[in-house]
């Protein structure tokens, strides 16, 4: 941003301080500016509790806490034993000692962890708090007789973070176990390898005759003792995998690996007892260790890409207010949301989210469905309106009859969609799988051929040469080349806020030649901002202050736009009455004011009516005071995105259902050559088809239900910013971040991924083409084979991991835009 | 060279001990957060007086 953001930035969050703001923070006897009440309160709490060092230690700026303060109004809910049952475990000896897992939002750097831990430890009754920096999760233990969970959550909120309990679901727990088992296997293999090497090296180095044969035998028995747990514990997954493959008559990667390990181990035991020269325990342990290292790295990359899907699940509240006697009685009872059944009636107050899908039984209100449907305007709800679980009730209490719970809800459907993408293998990975299956089959045939040939010419060497061939060949490099790169890239993309819902998305995005954009909600924010004020009486400032006061409690986008534009004044409005979709009526200092559409005011719309803009008026009893025009603003990063995409050499198109003149004006402003307006969904579909017939690979970016068919038609599609539910179902990628510039990062990353995959495949092919003939001709001993193969697969995995780092620079760049 | 008859079995005992320590470390959750401790060491002062022990990592 501009310079004044630096000189006049909020001390706490770094956002520019609005002019005229009077919020200050006392820090080391100096008054620092704050941008809002939220920042002031949070910063003062941090400083007053003796944690001012946070400001010295932090390396990143926290989000503005305002939003956090809005949420979690009903913290008390979390104290109810029924609700706690799903995420709190209490100690066996003392039921008052309880432990819960919390998700922490707002953690941006290590200082946040420090601050939260210190803050929690200062609370009387908190027995312990551990924050995991990698997963942004906290484990808190407290004495329920001294402090309630809601107080803990509240105190975290007071320092500007958002904490909510989460149920360590089975999948999570499963992954933790799996990861710990992998670390244990790796550790055993690593220790075994180090020590076996220690015994092996002297044998290799010693000149003939210097080592007595009984010492050598002792070392071999020691190696055997150490190798046995490595083979039977650490390498066990390879044997399991191979056995599974064999049962299904498949040739998987594990088959030659298990054969190699098994044969080398068995033959080395035989050698140990017969005192022959050929003992290769060192090769066996090393081989196992390097293989496990590669798999461990891959497993972590995969986990990281799965985390984004989990964050959606938190939308459903943990508890609900049930009205068991409705409609006859209105007695309320608290229940855990998971215990709700279809047919139950629940009461949902303003600001709360709905615990399940259902229909309105009583009440009239507006609901914010933007998170699930992309509809930025609140949706009016009355009796019998459909309610989607996870959406937020805005205006007044509603009684909802529950219709669908748990896995049947719309939200669960979206979560399943994301899971599908993770499970679905992209085209290239499928190809790599097939190729490596054939490769393994060919390899087994070659090994058999080599064994036969050497058995005829030199039977003494036949066995170890065959083992070398099995071990040296690297189907792993071939099989890992693609998936490792893809998982690393998908993880990085997800952290950038660009979620792939289909396996092929990344591949196609890299090859896309034409980018088609929708206008409203895609390149523009889809949100209202105040464009102009036409004052008829009084002055501009006064009109805005009056409007601000009148729209104080309203949630309509027009109201939000007016509130943002006006600085808060001293005025308070009374007798406010909102008319949905029309306007508001209220009294300020005894005078009646109205604010709303020209029809609502009963006045003729002014001549300034501009195309594509919304006009609202402010009037008192004597007539109109001012007219406001509001319109859709360009997204902050749209210009930058278009620039970057042009540099990447793709053709750009803007297809919109909006009026032609608006669309062309925007296209000219952004520098897009092909702009068409007044398009129906069918027209867009036709236009994309026409592009495809010229051989273009089309990436379509849009939101809204209207775009769903065209999103499906394009080879790859991106739904922007929590786009409509249908769009998400049809879209291959979803931009969860509000920063549209991430799309260009995504394209760059996708292209780099393709490059890395090609490098990996090339390396795997080259390595195998050189190593297998060399081994077959007897030039490779088993230990050389073990090193060669392991290093080859490590190289492939490490090359793939590079993707998660390269893209980080692009991501950080985008994040820094916000601050500077 | 006779000392080797003692040293080699001794090395096996040490490996076993190290393996046990490692397995204990995994079990007590020391490998669950690989980033945090690296940062934490830079925060120069200790936690304020705690009101109890750290949470029990095994409890699940």
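The numbers here are math on the coordinates, done by the rules we state, and not lab data. All values derive from a computational prediction rather than experimental measurement. Backbone-built Cβ (ideal geometry, glycine too); neighbour counts: all protein chains shown.
Side notes on the structure shown:
- Segments A:354-363, A:456-465 sorted - mean Cβ within 10 Å per residue, highest first: A:354-363, A:456-465
- With each label modelled as a point 7 angstrom along the Cα→C-beta vector, the residue A:438-residue A:91 pair spans 6.3 nm.
- Inter-label distance for residue B:7 and residue A:779, nm, one decimal - labels placed 7 Å from Cα along Cα-to-Cβ: 3.8 nm
- Each residue of region A:113-153 gets 55 Å³ once the volume of the Cα convex hull is shared out per residue.
- Inter-chain neighbour count for B:24-30: the average number of beta-carbon atoms from partner chains within 10 Å of each residue's beta-carbon is 3.
- Inter-chain Cβ neighbour count for A:106-115, averaged per residue, equals 3 (cutoff 10 Å, partner chain atoms only).
- Tensor-based shape of region A:159-250 (alpha-carbon gyration tensor, a/c under 1.5 rounded, otherwise prolate or oblate): oblate
- Normalised Debye scattering of region A:121-212 at q = 0.11, 0.21 Å⁻¹ gives log10 I(q)/I(0) of -0.58, -1.07, counting only Cα atoms as equal scatterers and leaving out solvent.
- Centre separation in Å (Cα based) which lies between region A:174-217 and region A:89-136: 40 Å
- Measuring nothing but how far apart in sequence close Cα pairs (under 8 Å, 6+ apart) lie, relative to its length, region A:643-682 scores a relative contact order of 44 percent.
- Distance between region A:674-697 and region A:775-797 - C-alpha centres, whole angstrom: 52 Å
- Cβ neighbours within 10 Å from other chains - mean over A:118-124: 3
- Packing-based ranking of A:271-283, A:587-599 yields A:271-283, A:587-599, ordered from highest to lowest mean Cβ neighbour count within 10 Å.
- Efficiency of FRET between residue A:643 and residue A:802 - r from beta-carbon atoms, R0 35 angstrom, step 0.05: 0.85
- Burial order of peptide ranges A:288-294, A:49-55 (average beta-carbon count within 10 Å, highest first): A:288-294, A:49-55
- Listed by Cβ neighbour count within 10 Å, with the fewest neighbours leading, A:42, A:17 appear as A:17, A:42.
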